[in-house]
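Asks: Can you keep this structure in mind? I'll have questions shortly.
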Amino acid sequence: MKLILDTANLDDIRYFNEYYPIAGVTTNPTILATEGGDVVELLKKIREIIGPFKEFHVQLTETKFDGMIAEAEAIVGLLGKNTYIKIPATDEGIKATKFLSSKGYLITTTAVLSSSQAMIASLAGAAYVAPYVSRLENICEDGVAIVADIQAIFDAAKTDTQVLAASFKTVRQVLSVALTGAGAATVSADVMYKLLEHLTTDRSVAMFEEDWKNAFGDVTLGELIAKTSK
Ligand code: E4P
């Protein structure tokens, strides 16, 4: 399962792009509003940081077909290849998805709250559908089970559409979604940190360093090898 970073914060994007194996960045209007300022410059900067090959998912703000098409063209014109246009699973959105996918645009159907919406989006040509795990759980639905249903529907239909699971609050949710065979998950910086951090790992690393120093002093293994090969 690919991991994508769900933020528009430039410091977080720089950090995770350098250190973690992220496949790209996702944003939505709320995420962009959180950063504020010159949003066009912000989007350009994000593309500059992640480079031209990683996925960049940017959501439309237009809600009617004609405006959606023009806005999608403008976004791809600004951000180039590997830019996915996020379009909510509305009737206007599905009409725009049919049109844009037939022209070769990469579409991520977003705000997906049911497997039937995911099926319609896939038939309309979406590259990804983004079911919202926590938002489902907050209305007493089983978010992970719905992701599993969508994945099973896509497997049965042998479609190329992938699941990009979204709206995570916990590491457990991410791991449960990974077990469904979903193609990707987009997570906040906070959840991304928690996927790797472990106190026992930190303690183990500290112990290795201490044991090494106690035995060999302030020298690295690489330095010792360099000395013997001179
Ligand atoms: C994906 O990009 C979604 O917009 C995002 O994951 C939603 O997350 P939230 O429910 O935490 O706002």
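The values are calculated or read from the model by the stated rules, or taken from the named source; none is laboratory data. This structure is a prediction, so every number in the text was calculated from the model and none was measured. Quick reminder, even Gly has a Cβ in these numbers, built from the backbone with ideal geometry, and neighbours come from all protein chains shown. Note: areas computed on protein heavy atoms with side chains; ligands, DNA, RNA excluded. Shrake-Rupley method; radii C 1.70, N 1.55, O 1.52, S 1.80 Å.
Asks: Given the criterion of a type in the set (Phe, Trp, Tyr), assigned to a helix (DSSP H, G or I) and in contact with a strand residue (DSSP E or B) (Cβ under 9 Å, 6 or more places away or on another chain), identify the matching residue among Phe154, Phe168.
Replies: Phe154
Asks: If you go through the range 77-105 one residue at a time, how many are open to solvent by 40 Å² or more (accessible area, probe 1.4 Å) and touching a Ser or Thr at 6+ places or on another chain (Cβ under 7 Å)?
Replies: 1
Asks: Tell me whether the range 180-199 contains one or more residues that are more than 20 Å from the chain's Cα centre (by Cα) and more than 16 Å from the ligand (Cβ to nearest atom).
Replies: Yes, the range 180-199 contains a residue that is more than 20 Å from the chain's Cα centre (by Cα) and more than 16 Å from the ligand (Cβ to nearest atom).
Asks: Look through Phe216, Phe154, Phe208 and report the one residue that is hydrophobic (A, V, I, L, M, F, W, C), more than 19 Å from the chain's Cα centre (by Cα), more than 16 Å from the ligand (Cβ to nearest atom) and surrounded by 14 or more Cβ atoms within 10 Å (Cβ to Cβ).
Replies: Phe154 is the lone residue from the list that is hydrophobic (A, V, I, L, M, F, W, C), more than 19 Å from the chain's Cα centre (by Cα), more than 16 Å from the ligand (Cβ to nearest atom) and surrounded by 14 or more Cβ atoms within 10 Å (Cβ to Cβ).
Asks: Give all pairs with beta carbons closer than 7 Å in which a residue from the range 7-19 that is open to solvent by 40 Å² or more (accessible area, probe 1.4 Å) meets a residue that is among the polar types (S, T, N, Q) and assigned to a helix (DSSP H, G or I); count only pairs at least 6 apart in sequence or on separate chains.
Replies: Pairs that qualify, where the first residue is open to solvent by 40 Å² or more (accessible area, probe 1.4 Å) and the partner is among the polar types (S, T, N, Q) and assigned to a helix (DSSP H, G or I): there are none.
Asks: Pick from the range 119-134 the residues that are part of a helix (DSSP H, G or I) and within 19 Å of Thr63 (Cα to Cα): which of them is nearest to the ligand (Cβ to nearest atom)?
Replies: That would be Ala121.
Asks: Can you go through Ile69, Ile94, Ile85 and tell me which one is touching a strand residue (DSSP E or B) at 6+ places or on another chain (Cβ under 7 Å) and either assigned by TED's automatic domain parsing to the domain that holds Thr27 or farther than 19 Å from Ala121 by Cα (or both)?
Replies: Ile85
Asks: Which helices (runs of 4 or more DSSP H) sit wholly inside the range 1-84 and have at least 1 residues that are at pLDDT 95 or above and either under 12 Å from the mean Cα position of the chain (by Cα) or within 13 Å of the ligand (Cβ to nearest atom) (or both)? Let's see the steps before the verdict.
Replies: Details: elements: 10-19, 29-35, 39-50, 65-79.
Filter on the range 1-84 gives 10-19, 29-35.
Asks: Continuing with the same structure: In this structure, does Ala185 turn out to be within 28 Å of Ile13 (Cβ to Cβ) and assigned to a loop (DSSP other than H, G, I, E, B)?
Replies: Here the answer is no, as Ala185 does not meet what is asked.
Asks: Residues in the range 163-179: is at least one within 12 Å of the ligand (Cβ to nearest atom), under 14 Å from the mean Cα position of the chain (by Cα) and under 22 Å from Ala72 (Cβ atoms)?
Replies: yes
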